[in-house]
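Scroll down for the structure; my scribbles are underneath it.
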Amino acid sequence: MRRGATSITLVGLLFLSATWSVTPALAGAAFDKQHAGAAPGQEHKAPPRPAFTADEQSHAKVPGFHDIRFFADSTEAFTRALPTADGPWLALSGGGDDGAFGAGYLAGWSQSGDRPDFAVVTGVSTGALMAPFVFLGSRYDDALRKSYTETTAADVFEFGSTPESMLDDWPLKKTIEKRVTPELLQAIAAEQLKGRRLFVVTSNLDAGRPVVWNMGAIAAQGGDKALALFREVLLASSSIPGIFQPVHIAVMVDGRQVDEMHSDGTVTAPFYVAPESVLSGDAEMLRPARELYVVANSKLRPDFHLVDPSKLSIVGRFISIALKEGMRMQIARTQHAADRMGMALHLISIPDTFTSASQKSFDPKYMSQLYAVGEQRGRALAAKCLTSACRPTQQAFRSQFDTVE
């Protein structure tokens with residue numbers, strides 16, 4: 001393998017370590033296993049894809065479906081997709097196995113008796129995987145708990161490259177198939193008819209733009225095709241490009257079928273609330289909701305970490321810092337937009353007091369501890385959030401950027 005390609009592979013594995021809690025040692029083992037005995041020119045390649053243009057992409061349709069998705073940066077399409085039901089909104093961020101915190105928080109909130117029915121639930125990456133269960137309310141809390149306390153690495157990926165990835169995520173595909181059932185889709189379709197919305201974000205790698213999928217509209221279609229597409233979208237939103245296989249979604253353009261390549265939603269943003277034009281104020285729109293809750297499956301403060309003097313550790317640390325900074329910037333943009341539109345923003349994130357470390361990828365012990373912290377925090381803070389006590393005001397948000405004394 002060429003030296004440049006080797007460097008890309010290492011960076012990709014480190015991105016996985018930063019987003020899905022794969023340790024640098026494990027990332028290195030995956031790299032060694034993938035390339036053991038490999039000779040130049042012996043890598044398998046995926047078959048060529050049917051070509052299509054940017055213009056064709058702009059009007060591509062998933063066959064058999066209507067109005068089920070839109071580009072996340074389109075203000076007009078976003079406005080058309082807004083819910084008819086009133087109520088608070090909830091955005092669930094990416095974060096890999098740290099999603100155990102969000103799952104625990106929502107369960108604790110249910111136990112407090114104050115958890116509302118959200119008019120909109122959005123999910124990205126691990127947030128996408130939990131979003132359908134959160135959308136349906138507290139009766140699915142136990143299913144969510146099992147997903148984040150009993151899952152192991154064997155339920156997510158297998159070592160061994162494919163033509164499109166360095167790891168094979170067929171176990172995650174099977175896990176999604178087990179958990180996303182026809183009965184689940186029927187329940188989501190019923191909520192869609194009530195005017196509520198469940199949105200999941202993927203990254204369209206061909207277009208270079210995020211796509212919002214109206215999962216309730218897909219569910220309302222019913223049948224095997226809807227079930228298959230629903231599962232595909234969840235898999236795509238949590239598939240880190242180059243690490244896991246992208247999901248090829250069949251679409252029709254001008255009477256012929258091609259496939260779009262979709263991958264992890266966090267490529268473009270750690271969570272989704274509205275198009276960038278709305279957050280920045282370039283596009284004016286009426287306040288979509290009075291209350292907005294963001295569950296950040298991450299810590300927000302910079303954390304001290306003594307870095308090992310090795311390539312894997314140094315680059316892995318760099319990526320970890322960059323991802324956390326991206327989360328903080330998105331929160332700041334969302335706060336500005338909320339202030340401008342008169343929305344109360346409630347931010348929930350992993351507390352700095354949680355110091356346990358994962359010993360391996362998708363460590364059930366670590367995830368159970370983090371779930372318990374989220375559950376306790378949900379019980380204790382849910383009532384305060386309803387009175388805006390956990391609202392991240394500009395002064396409070398800036399306090400997260402304390403200077404070194």
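What follows draws every value from the coordinates through simple rules; no lab data is involved. If you're wondering where the values come from, they're calculated on a predicted model, not measured in any experiment. Note: ideal-geometry Cβ built from the backbone for every residue, glycine included; neighbour counts use all protein chains shown.
Quick check for you: which residues of segment 345-361 have the amide N under 11 Å from the point 7 Å beyond the Cα of Ala380 toward its beta carbon? From segment 345-361, the list is 351-354.
Computed over segment 57-98, the range of Cα coordinates on each principal axis works out to 35, 30, 21 Å, biggest value leading.
Here segment 91-239 carries DSSP beta bridges of which approximately 55% are antiparallel, counting only pairs with both residues inside. Taking every alpha-carbon pair in segment 137-255 and binning the separations at 10 Å intervals from zero gives 12, 39, 37, 12, 1 percent. Please identify which residues in segment 48-79 have an amide N closer than 16 Å to a label point set 7 Å out from the Cα of Lys225, following the Cα→Cβ vector. 60-69, by backbone N distance to the label point. Taking a sphere under 11 Å around the Cβ of Val253 and counting the other residues whose Cβ falls inside, with K and R at +1 and D and E at -1, yields a net charge of -3. Shown for segment 186-232 is the translational diffusion coefficient from the Stokes-Einstein equation, using the Kirkwood radius over Cα pairs, a temperature of 10 °C and a viscosity of 1.306 mPa s: 141 µm²/s. Near Arg69, the amide H atoms lying under 5 Å from its own belong to Asn214; only residues 5 or more places off or on other chains count, and H is placed 1.01 Å from N.
Under 5 Å between amide hydrogens, built in the peptide plane, is the criterion, and for Arg197 it picks out Val120, Val121 among residues at least 5 positions away or on other chains. For segment 56-210, the Kirkwood hydrodynamic radius comes to 17.2 Å, computed from all pairs of different C-alpha atoms. Within the set Lys146/Lys194; Lys174/Lys225; Lys324/Lys365; Lys173/Lys194; Lys146/Lys225, which residue pairs have Cα atoms separated by over 19 Å? Distance filter (> 19 Å) returns Lys146/Lys194; Lys324/Lys365; Lys173/Lys194; Lys146/Lys225. Overall dimensions of segment 200-292, expressed as equivalent-ellipsoid semi-axes from the Cα gyration tensor (√(5λ), whole Å, largest first), are 25, 17, 14. Using 0.36 nm per residue and subtracting the Cα-Cα separation, the extra length available between Ala77 and Phe65 on full extension is 2.7 nm. Extension gain for Asp117-Thr84 works out to 10.5 nm (0.36 nm per residue, less the C-alpha to C-alpha distance).
Take each peptide in 319-328, 132-141, count the other Cβ atoms within 10 Å of every residue, and average; sorted highest first, the result is 132-141, 319-328. Distance from the Cα centroid of segment 42-119 to that of segment 237-267 is 14 Å (rounded to whole angstrom).
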